[in-house]
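For reference, the structure discussed in these notes is given below.
The values are calculated or read from the model by the stated rules, or taken from the named source; none is laboratory data. Being a predicted model, the structure only gives us computed values, none of them experimental. Here Cβ is always computed from backbone atoms with ideal geometry, including for glycine, and neighbour counts include all displayed protein chains. For accessibility, only protein heavy atoms count, side chains too; no ligands or nucleic acids. Shrake-Rupley method; radii C 1.70, N 1.55, O 1.52, S 1.80 Å.
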Amino acid sequence: MNKLLLPLMGIASLGLSACVVNVGDHEANWDEKESWQLQQQQNQQQLAKLTLGMDQQQVQHLMGQADFNEAFLSNEQQVQVLFYRTRHRHSDGKTTKDECTPLVFRDQQLIGWGDKAYAQL
């Protein structure tokens, strides 16, 4: 009897685990979509609180972790650009720089944000 019951239990458990995986995947995709929309909205709101001359640490505390980060030296000054997602352009599940607002720092002081500030580098 046990030899007959064990294979049936194994088949039943495979069927149940497949159902759980399918449900979980569907919910994860929905959460990811809502997550980027929420982050994008929060970033837009936080940008309105920025002022020129803010310290980089203050800005990062306010904005959180950047989506992209660039750094280089220009005339012996440290320049860093942090990119935060603020707009939707591609429905590919990835954040790209053209969906972000750049924040430009020189020697750890905020000197500008937006495409115009980035283009002036």
Subject >> the range 49-121 - accessible surface per residue (Å², probe 1.4 Å) >> reply: 62
Subject >> Amide hydrogen neighbours beyond the local backbone of W113, cut-off 5 Å, H modeled >> reply: V104
Original post:
What is the sum of charges around K97, taking Lys and Arg as +1, Asp and Glu as -1, for the other residues whose C-beta is under 14 Å from the C-beta of K97?
Top reply: -2
Subject >> Accessible surface of R89 - all protein chains present, 1.4 Å probe, nearest 10 Å² >> reply: 140
Subject >> Largest to smallest accessible area among S35, S74, S91 [probe 1.4 Å] >> reply: S91, S35, S74
Subject >> the range 72-121-the range 43-60 distance, computed between alpha-carbon centres (Å) >> reply: 13
**OP:** Report the net charge of residues surrounding L110, where surrounding means a beta-carbon distance below 12 angstrom and charges are Lys +1, Arg +1, Asp -1, Glu -1.
**Re:** 0
**OP:** May I ask you to compute the full-extension gain from Q120 to L52, defined as 0.36 nm times their residue separation minus their alpha-carbon distance, rounded to one decimal in nm?
**Re:** 22.9 nm
Subject >> E34 - accessible surface, heavy atoms, 1.4 Å probe, Å² rounded to 10 >> reply: 90
Original post:
³J(HN,Hα) across the range 95-100 via Karplus (A = 6.51, B = -1.76, C = 1.60, θ = phi - 60°), whole Hz, x for Gly/Pro?
Top reply: 8, 10, 4, 6, 9, 10
